[in-house]
1. Pull out the extension gain between residue 180 and residue 166, defined as 0.36 nm times the separation in residues minus the alpha carbon to alpha carbon distance; nm, one decimal.
2. Pulled fully out, how much extra length does the chain show between residue 143 and residue 114, if you take 0.36 nm times their separation in residues and subtract their Cα-Cα distance?
3. Taking only Cα atoms and a 10 Å spring cutoff, compute GNM fluctuations for the chain and point out the largest among 20, 139, 69.
4. Below 8 Å between Cα atoms, with a sequence gap of 6+, how large is the relative contact order for region 115-189 in percent?
5. Could you tell me the distance between the Cα centroids of region 1-46 and region 166-186, to the nearest Å?
6. Quick one: length gained pulling residue 133 to residue 158 fully straight, 0.36 nm per residue minus the C-alpha distance?
7. Please report the relative contact order for region 8-188, taking Cα pairs under 8 Å with a sequence separation of at least 6, and give it as a percent rounded to a whole number.
């Protein structure tokens, strides 16, 4: 009988690296993994639902929650604030479920400070040119926003060495299999 220890997994990478797509694949194979819903001050995109896609908060409400210590981590990214509610993470870990956080690099490093046993996994694009192509193909970002995200990507890639694991998302099936394998291995360790 294999042993299981609930873990806190942090998945990060540049915008457009394919984190969301990979996590959707992982959830199909490992539905027992908890996934928190981040809070943000940005406006919802078409099709996003409050409480499902994100907890959409006003800047004032976000700041109130920061001051009250309600976030495990939070950061300002791309002109908006994003954060993970501490209560969500504690509740899932206490129930015996491993938890995945899909958060930016700033937040990931904050989590590692508070939870040294957290496993940080960095998802990277095969190249910066491919990353730009992915961002442009979304059709949801302005040219200025894409330039900002590309500049942020360079900085994020510089911090990838601080992660426990790195996966290059070049081919989706291979990257998904690698991520599932990593998560399974850490849960059994």
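1. Details: separation 14, 0.36 × 14 = 5.04 nm, distance 1.29 nm.
Result for the pair: 3.8 nm of gain on full extension.
2. Working: separation 29, 0.36 × 29 = 10.44 nm, distance 3.64 nm.
Taking 0.36 nm per residue and subtracting the Cα distance, the gain is 6.8 nm.
3. 139
4. Details: 45 pairs, mean separation 33.3, N = 75.
Relative contact order for region 115-189 comes out at 44 percent.
5. Measuring centre to centre over Cα atoms gives 13 Å.
6. Working: separation 25, 0.36 × 25 = 9.00 nm, distance 2.04 nm.
Full extension of this stretch gives 7.0 nm more.
7. Numbers: 264 pairs, mean separation 58.9, N = 181.
33 percent.
Quick note: the coordinates plus some simple rules give every number you see, no bench work behind them. Please read all numbers here as calculations on a predicted model, not as lab measurements.
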